[in-house]
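The structure under discussion appears below in the form of structure tokens.
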Amino acid sequence: MHLKIDKKFNYLIYGLIILFLTSINNYNLFNKKLFNISHIEVNGFSDKKNTLIKDEIRNTIDKNIFFVEKKNFKKLIDRNDTKDLLIKKIYPNKLIINFIPAKPI
């Protein structure tokens with residue numbers, strides 16, 4: 001009598017073959033910087049102030065967008081001319097910072 005071969009075993013073998021054949025050619029995914037910040041856009045003030053602020057936070061470029069923390073933007077929140085700060089992460093590589101300016105008394 002012949003032994004029965006279960007369908008689960010066939011699916012497992014075919015799945016492993018597909019995984020092996022497709023994963024060999026994906027070495028270039030390790031070299032890509034897919035979720036690193038490459039664009040920072042600052043809005044809310046004049047163009048001069050926006051460029052100065054962009055220069056202050058230049059150190060966040062080429063860092064992963066998932067691991068950007070609030071403490072990196074603490075000095076922007078503590079400015080006297082800002083009332084509020086909104087930060088948007090636009091995946092995969094853009095950061096938009098919107099300032100709401102404070103009105104002088």
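The values are calculated or read from the model by the stated rules, or taken from the named source; none is laboratory data. The shown structure was predicted, so the numbers you read here are calculated from the model rather than taken from an experiment. Glycine gets a Cβ as well: all are built from the backbone with ideal geometry, and neighbour counts include every protein chain shown. Note: accessible area is taken over every heavy atom of the protein model, side chains too, but ligands, DNA and RNA are not part of it. Shrake-Rupley method; radii C 1.70, N 1.55, O 1.52, S 1.80 Å.
Charging the Cβ of each Asp and Glu at -1 and of each Lys and Arg at +1, and nothing else, the dipole of the chain about its Cα centre rounds to 160 debye. Taking the chain as a Gaussian network, Cα atoms linked when under 10 Å apart, which of PHE66, PHE20, PHE45 shows the biggest mean-square fluctuation? With Cα springs under 10 Å in the chain, the top fluctuation among PHE66, PHE20, PHE45 is at PHE20. Taking each of LYS49/LYS74; LYS32/LYS74; LYS48/LYS83 in turn, the alpha-carbon distance tops 25 angstrom for LYS32/LYS74. I'd like the orientation of helix 7-23 relative to the chain: the angle between its Cα long axis and the longest Cα principal axis, in ° from 0 to 90, rounded to 10. Once rounded, the angle reads 50 degrees. Could you check which residue among THR60, THR51, THR22 shows the biggest mean-square fluctuation in a GNM of the chain with a 10 Å Cα cutoff? It is THR22. Ranking GLY44, ASN59, GLY15 by Cα position along the charge dipole of the chain, where only Lys, Arg, Asp and Glu carry charges on their C-beta atoms, puts GLY15 farthest toward the positive end.
Going by accessible surface with a 1.4 Å probe and the largest first, LEU34, LEU85 read LEU34, LEU85.
If I take every Cα pair under 8 Å that is 6 or more residues apart in the stretch 47-105, average their sequence separation and divide by the length, what percent do I get for the relative contact order?
Here the relative contact order equals 25 percent.
Of all DSSP beta bridges in the stretch 38-103, what percent run antiparallel (nearest 5)?
Around 60 percent of the beta bridges assigned by DSSP in the stretch 38-103 are antiparallel ones.
Taking the 1.4 Å solvent-accessible surface of the chain as the whole, the part contributed by carbon and sulfur is 60%.
Once all protein chains are placed together, ASP84 keeps about 70 Å² accessible to a 1.4 angstrom probe. Considering only LYS63, LYS94, LYS48, the mean-square fluctuation computed in a Gaussian network model of the chain, springs between alpha carbons under 10 angstrom, is largest for LYS48. Taking all protein chains together and rolling a 1.4 Å probe, ARG79 ends up with roughly 60 Å² accessible.
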